[in-house]
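See below for the structure under consideration.
The values are calculated or read from the model by the stated rules, or taken from the named source; none is laboratory data. All figures in this text were calculated on a predicted structure; none of them were measured in a lab. Cβ coordinates were reconstructed from backbone atoms using ideal geometry, including for glycine residues, and neighbour counts include every protein chain displayed.
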Amino acid sequence: MEIIGHRGASHDAPENTLGSIKLAWEQGADAVEVDVHMSRDGQIVVIHDENTRRTGGVRKDVGAQTVAELKKLDAGKWKSPKWAGERIPLLSEVLEIIPRGKRFFIEVKCGIGFIAAFEALRQQWEGKKDRLILIGFSLELMEQVKKAFPELEVCWIVEFRRSLKTGRWTPNKKAVLEKALNAGVDGLDVGAKAILTADWIEQVKQAGLGFYIWTVDKPLPARRLLAAGVDGITTNRPGWLREHL
């Protein structure tokens, strides 16, 4: 099972920054996950939110700012004074620092424009393509991404929700598996709050799909998921969780 640093080592460092990503590697993470959006000038930047208020201190949409404008923002001081000066990185910058033997999950939070922009970065990722995983909530977009980059692993992010009124979970697990297979993606990345059984995880894996979980920061559920056969767990505390497992 892989331990995947969620936005780097985001418990200890400002999420989605080079400092956080490097710290995750130092803590022994097997992989790192980051989120990406598009800048106004068409470049892929690493940030979770659609605007820069929470981590950059400026309430303005990421897509309304150029890379030069985004780079002026301090993306670290909100976490701690010691992280002041961290910047919003370009995806190209992050691709350059993936250590040998480590994997890298890219959550696509922008639209179809990602495909052309990512193709333009092929020189940076071509030699690492066996270690890259593209993930996203939009199955339609992930289907298009897989068609554009058949050589890459592509996974659909699924969040199950429970109705307070009926107690039922949605979406339907059988339908999720069928949709994933029909779309031609390589795996599922499932929210940890769902009712996950070893039988369903095995069913997904028997269908030839990978099975990843987000976000787990406690040893007990991580051990249960490990025993159930998941391929990877995304955590804010990669080093700490590895020690406790």
Quiz item: Would it be correct to say that ARG131 is crowded, with 16+ Cβ neighbours inside 10 Å, of a type outside the set (Gly, Ala, Ser) and modelled with pLDDT of 95 or more?
Solution: yes
Quiz item: Hey, among LEU181, LEU141, which residue is in a helix (DSSP H, G or I) and crowded, with 17+ Cβ neighbours inside 10 Å?
Solution: LEU141
Exercise. Determine the pairs where a residue that is in contact (Cβ under 8 Å) with a residue 12 or more places away in the chain, located within region 222-241, has a partner that is surrounded by fewer than 16 Cβ atoms within 10 Å (Cβ to Cβ) and among the small types (Gly, Ala, Ser) with Cβ atoms under 8 Å apart, the partner being 6 or more residues away or on another chain.
Key: ALA227/ALA198; ALA228/ALA198; GLY229/ALA198; PRO238/GLY28; GLY239/GLY28
Exercise. Working only within region 193-216, note down all residues that are modelled with pLDDT of 95 or more, assigned to a loop (DSSP other than H, G, I, E, B) and surrounded by fewer than 18 Cβ atoms within 10 Å (Cβ to Cβ).
Key: ALA207, GLY208, THR215
Exercise. Write out, first by first residue and then by second, each pair whose Cβ atoms fall under 8 Å of each other, whose residues are 6+ apart or on separate chains, and whose first residue, in region 29-45, is without any contact (Cβ under 8 Å) to a residue 40 or more places away in the chain while the second is in a strand (DSSP E or B).
Key: SER39/VAL45
Quiz prompt | Members of region 28-53 that are over 14 Å from ILE98 (Cα atoms) and either of a type in the set (S, T, N, Q) or over 14 Å from the mean Cα position of the chain (by Cα) (or both) | solution = MET38, SER39, ARG40, ASP41, GLY42, GLN43, ILE44, GLU50, ASN51, THR52, ARG53
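Restricting to region 132-151, name every residue that is of a type in the set (Lys, Arg) and touching a residue at least 40 places away in the same chain (Cβ under 8 Å). Steps first, please.
Step one: list which residues in region 132-151 are of a type in the set (Lys, Arg), which gives 146-147.
Once the filter is applied, which keeps residues that are of a type in the set (Lys, Arg) and touching a residue at least 40 places away in the same chain (Cβ under 8 Å), region 132-151 yields only LYS146.
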Quiz item: Does PHE149 meet the test of being within 13 Å of ILE44 (Cβ to Cβ) and buried (at least 18 other Cβ atoms within 10 Å of the Cβ)?
Solution: no
